[in-house]
Amino acid sequence: MRVVLERSNLLKSLNHVHRVVERRNTIPILSNVLLSAAGASLEMKATDLDLEVTEATAAVVEQTGATTVPAHLLYDIVRKLPDGAEVMLKVDESGNSMSVISGRSSFRLQCLPQSDFPELSAGSFSHIFRLESAALKGLIEKTQFAISTEETRYYLNGIYLHTHEEGGKLKLRSVATDGHRLARAEVDAPAGSEGMPGIIIPRKTVSELQKLVDDPDIAVTTELSDTKIRFTIGSVVLTSKLIDGTFPDYQRVIPTGNDKQLVIDRQTFAQAVDRVSTISSERGRAVKLSISSGLLTLTVNNPDSGSATEEVAADYDADPLEIGFNAKYLLDVAGQLSGSDARFMLADAGSPTLIHDTTDDNALYVLMPMRV
């Protein structure tokens, strides 16, 4: 194999694929990226056996061939080469090493045979649909912060993607919850998604996908079956296994009878929560919201270091209420809202609270209260 290509093209593609590779691997081949040169392009592929990313980039192929080299090492070398440089990748006759040559720099990397590289066989996909990149980005970004990190409840370690009919319209919904909070976002269901199985996309796949859907003009092709999902985003193809589990009936925890409405300036509220939670020894401490007509008082008490209070003007005319929330969770939700105001729908101090984005009807958040 012998190819010549622009450093910028090589770096961009390596950046997309090398992140999948775990830094610590007991299986040596999983530390490597598969390079395949043919036609007028160089294809790169990396996998951790659950997730696989491939991308092809334009290259001058002087000799076709394929090999695998350490992914993070190749990425670091290319990253440190000067802007605008040309890079030559050349595998020696024995196939045991590959030279990376650019200007006066030359590196030699150990190769492992291409035949050892595992293939994440995708099987056949039952549903295919296209979604605008911005719509997919919204489904992910508005919900991913609520994904559980508790490994024992593995079925919560991802985003639940499914279709849901409401008012005669079919919606494509994403939901994530960790038992303390829930985030839900939806878009109009694209053609081809009808009858799709409800699937759970793993946290790592969600994280990689989030970095790839940054171009709003690209339409993403999504293919899925009961066990796998594949996203094609421009020249990048991401294939992932799905979490094999049953997502809980999230509809049951979304309250319908909350009748006390609190409307507050989102930024002012977030800054006040951030300030008073400084007193907490850890961010997870409860902040107490004392709500009365026209006024919200935030209070944090920490027996070790002191207390803090701050008053914020609010639009509220129901019975006075005191309720506590995890400060970090409040800040996470506030960070997702796009409108200038946040709308809280409350019931009482012990019941879940609904938070709406005033400018986006497609997003919904539920927070469980804390005892204060």
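Things worth noting here:
- Summed side-chain charge close to Leu14 - residues other than Leu14 whose Cβ falls under 13 Å, Lys, Arg +1, Asp, Glu -1: +2
- Rounded to the nearest 500, the 222 nm mean residue ellipticity of the chain from helices alone is -5000 deg cm²/dmol, with -39,500 (n - 2.57) taken per DSSP H run of at least 4 residues.
- Accessible area per residue, Å², the range 214-372 with all protein chains present, probe 1.4 Å: 48 Å²
- In the structure shown, the pairs Lys12/Lys211; Lys142/Lys169; Lys169/Lys241; Lys45/Lys228 are assessed against 19 Å; a Cα-Cα span above that value is assigned to Lys142/Lys169; Lys169/Lys241.
- The range 169-255: C-alpha gyration tensor shape, a/c 1.5 cut-off, then a/b vs b/c: prolate
- The residues packed around Thr222, meaning those with a beta-carbon under 12 Å from its beta-carbon, carry a net charge of +1 if Lys and Arg are +1 and Asp and Glu are -1.
- Relative contact order [Cα under 8 Å, 6+ residues apart], the range 268-372, whole percent: 24 percent
- Computed over protein heavy atoms with a 1.4 Å probe, the carbon and sulfur contribution to the accessible area of the chain reaches 46%.
- Between the beta carbons of Lys211 and Asp259, assuming R0 = 45 Å, the FRET efficiency works out to 0.65 to the nearest 0.05.
The values are calculated or read from the model by the stated rules, or taken from the named source; none is laboratory data. Keep in mind the model is a prediction, meaning the values are calculated, not measured. Neighbour counts run over all protein chains shown; Cβ positions are idealised from the backbone, glycine included. Side chains included, ligands, DNA and RNA excluded: accessible areas come from the protein's heavy atoms. Shrake-Rupley method; radii C 1.70, N 1.55, O 1.52, S 1.80 Å.
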